[in-house]
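Here's the structure we're looking at; comments come further down.
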Amino acid sequence: MAETHVATAVDPDTGRMTHRQIMLILSGLLLGMFLAALDQTIVSAAMRTIADKLNGQTNQAWATTAYLVTSTVSTPLYGKLSDMYGRKKFYLFAISIFLVGSALSGMSTSMVELAVFRAIQGLGAGGLMALAFAIIADVVSPRERAKYQGYFMAVFGLSSVAGPVVGGLLAGQDRLLGFDGWRWVFYVNLPIGIVALAVVSRFLNIPHVRKNHKVDYLGAALLVLGVTSLLLVAEQGRAWGWGSPKSLTSYVVGVALLVAFVFVERRVGDEAILPLKMFNSPVFSVASLLNFIIGMGMFGGIICLPLYMQIVKGYSPTKSGLSLLPLMLGLILVAMASGIATSKTGRYKVFPIVGSGLLIIALFGLSRISYTTSYTHLAPLMFLVGAGLGCCMQTLILATQNSVPATQMGVATASATFFRSMGGTFGTAVFLTIFFSGATTKVGANLQAASQSPDFQSALRDPANRVIAQAVQALGTGSSSQLNDTSFLQHGASVLREPFLAGFAGAMDRVFLIAAVVVLPAFVLSFFLKEVKLRMESGLQAQAAERAAAERAAAERAGGGERAGGADSTNQDKIVHQGR
């Protein structure tokens with residue numbers, strides 16, 4: 001029994017924890033974060049197969065959009081509520097609702113059902129990411145935290161490679177243990193989540209002093225609805241048309257609701273779901289903007305790497321995932337190294353500068369690739385992308401956490417995750433639009449030039465090239481619908497395929513170049529990130545110290561009042577104390 005107490009108990013007076021206690025808690029957090037990170041990549045790799053099985057290719061985007069919207073908008077709510085009522089119950093709730101959504105998604109019979117169940121999954125995922133970083137901030141000091149956060153970056157990198165591999169393998173199975181193979185894309189979450197629930201429930205026993213707060217329901221509703229409107233147009237704008245009535249309505253409604261949100265948050269002050277006074281901190285403001293920009297460059301730019309591998313190189317989703325190993329290694333190794341360096345020196349400003357610089361160099365390098373570029377040329381560039389992200393991601397979260405009081409750790413951490421997710425969403429939407437519009441134009445131009453060749457015309461008439469010939473003819477009539485399914489590029493004569501491959505590669509070059517330009521302001525802005533000395537105490541220790549200081553101050557005031565009461569009447573002394 002003594003061993004159990006050592007493993008789980010935290011001294012409420014000092015907030016100190018042993019390394020063993022921290023590692024036990026960390027194991028549960030890593031499992032929870034692995035669930036959320038893996039799900040994003042494993043589902044994307046299998047989505048085309050899932051849509052085929054559920055006869056819903058035209059609705060497959062909603063399954064992704066629903067998850068993204070609910071996971072993003074719920075993040076600030078988890079942060080604020082966990083500050084008010086404690087982390088453990090909300091982290092357990094996040095895992096539980098994620099597992100419920102996973103089980104339901106695996107039982108879907110239509111794409112509409114899948115979209116609804118993915119939205120439930122997203123409600124859980126919003127808490128898994130943000131609360132994991134907030135909890136580690138509670139138990140580890142900022143000086144040591146960078147070292148532990150390297151584990152989170154390792155999980156993030158591992159999931160980016162393992163997801164496509166596992167998703168491709170599972171989706172490729174007709175039946176597995178009595179169920180359709182694609183359903184295991186969701187069912188695989190269940191055993192991992194159950195273990196995470198058990199570990200977190202057993203070992204995440206950290207003290208929380210509940211304080212009386214009012215829940216900012218109006219602010220939460222305005223934030224959720226406003227962000228949802230903008231995320232919807234970001235995800236669906238390409239299908240709707242960026243200037244269509246649906247898109248314009250979403251713009252207006254989203255901006256109007258967010259303006260109302262700012263007024264409400266200013267009025268409620270400290271009770272706000274996202275306290276505006278945090279933006280008075282230059283560190284918080286700069287780090288939030290950096291998170292948004294890096295999110296755009298990271299998700300927007302990287303989205304084209306697996307597309308390049310699958311469309312241009314002809315890789316399967318599984319092989320495409322494995323091809324991203326250099327990126328994962330760069331992310332993990334540099335995140336670990338920067339965390340150790342920060343822990344030893346207490347300095348962190350240099351890492352966003354170096355990281356954004358590496359990201360710009362890598363993206364500029366990727367903007368020079370062609371459809372004939374070898375993998376040995378791509379691998380170092382992918383490693384640099386991972387290294388740049390490894391320098392930036394955990395450091396910006398650390399700077400954000402270090403800039404706010406311990407009592408606002410949850411909302412600050414959730415804000416960092418929220419801004420990065422928002423940047424990633426808008427970056428992905430913008431860059432995919434640029435990619436597909438550019439691909440249509442470039443492929444069309446390439447086909448027009450190639451059509452003058454006798455070899456091209458001869459191959460076009462060959463019955464063996466019938467499928468790709470249909471795509472050529474469709475594009476010749478001005479239709480770009482053939483580019484929605486690029487499987488025809490795996491067959492046919494090379495003279496017919498080359499205009500497509502060169503067009504897709506050229507469109508990707510443009511995306512990488514624009515992504516590099518987008519990240520350029522982050523490089524400049526990172527020089528203005530003020531380096532505040534990292535605290536040597538964890539969030540729990542800081543809160544314990546704040547409580548002790550408040551109790552001492554109250555005792556001193558009470559003592560002063562009693563001494564003053566010697567000269568006054570007893571009734572007057574009671575009135576003074578009641579007033580306090």
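Can you tell me which residue among Tyr78, Tyr85, Tyr91 is in contact with a Lys or Arg (Cβ under 8 Å, 6 or more places away or on another chain) and either of a type outside the set (Gly, Ala, Ser) or modelled with pLDDT of 75 or more (or both)?
Tyr85
Any residue in the range 181-200 that is in the same structural domain as Ser27 (by TED's automatic domain parsing) and without any contact (Cβ under 8 Å) to a residue 24 or more places away in the chain sitting within a Cβ distance under 9 Å of a residue that is assigned to a helix (DSSP H, G or I) and among the hydroxyl-bearing types (Ser, Thr, Tyr)? List the pairs, counting only those 6 or more apart or interchain.
Gly181/Thr49
Mind counting the residues in the range 402-451 that are part of a helix (DSSP H, G or I), among the β-branched types (Val, Ile, Thr) and under 23 Å from the mean Cα position of the chain (by Cα)?
Number satisfying all stated conditions: 8.
Taking the range 101-121, which residues are over 20 Å from the mean Cα position of the chain (by Cα) and of a type in the set (Val, Ile, Thr)?
Once the filter is applied, which keeps residues that are over 20 Å from the mean Cα position of the chain (by Cα) and of a type in the set (Val, Ile, Thr), the range 101-121 yields Thr109, Val112, Val116.
If the requirement is being closer than 25 Å to Gln401 by Cα and among the charged types (D, E, K, R), which of these qualifies: Lys53, Lys80?
The conditions single out Lys80.
Answer yes or no as to whether Ile50 is assigned by TED's automatic domain parsing to the domain that holds Leu176 and at pLDDT 85 or above.
no
Is the range 207-218 home to any residue that is in a helix (DSSP H, G or I) and among the β-branched types (Val, Ile, Thr)?
no
Looking at the range 344-368 only, could you name the residues that are surrounded by 20 or more Cβ atoms within 10 Å (Cβ to Cβ) and touching an Asp or Glu at 6+ places or on another chain (Cβ under 9 Å)?
Result: Tyr348, Leu366.
Out of the residues in the range 488-531 that are without any contact (Cβ under 8 Å) to a residue 40 or more places away in the chain and assigned to a helix (DSSP H, G or I), state the one that is nearest to the chain's Cα centre (by Cα).
Val517
If Gly181 satisfies all but one of (1) surrounded by 18 or more Cβ atoms within 10 Å (Cβ to Cβ); (2) touching a Ser or Thr at 6+ places or on another chain (Cβ under 7 Å), what's the number of the condition it fails?
Single failed check for Gly181: (2).
Give Gly254, Gly243 a once-over and let me know the one that is modelled with pLDDT of 80 or more, of a type outside the set (S, T, N, Q) and not in a helix (DSSP H, G or I).
Sole residue among the options that is modelled with pLDDT of 80 or more, of a type outside the set (S, T, N, Q) and not in a helix (DSSP H, G or I): Gly243.
Spot the failing condition for Met409; the list is (1) more than 30 Å from Ala272 (Cβ to Cβ); (2) modelled with pLDDT of 80 or more, and only one is missed.
Of everything listed in (1) more than 30 Å from Ala272 (Cβ to Cβ); (2) modelled with pLDDT of 80 or more, Met409 misses just condition (1).
The values are calculated or read from the model by the stated rules, or taken from the named source; none is laboratory data. This is a predicted model, so every value here is computed, not measured. Glycine also receives a Cβ, built like all others from the backbone with ideal geometry; neighbour counts cover every protein chain displayed.
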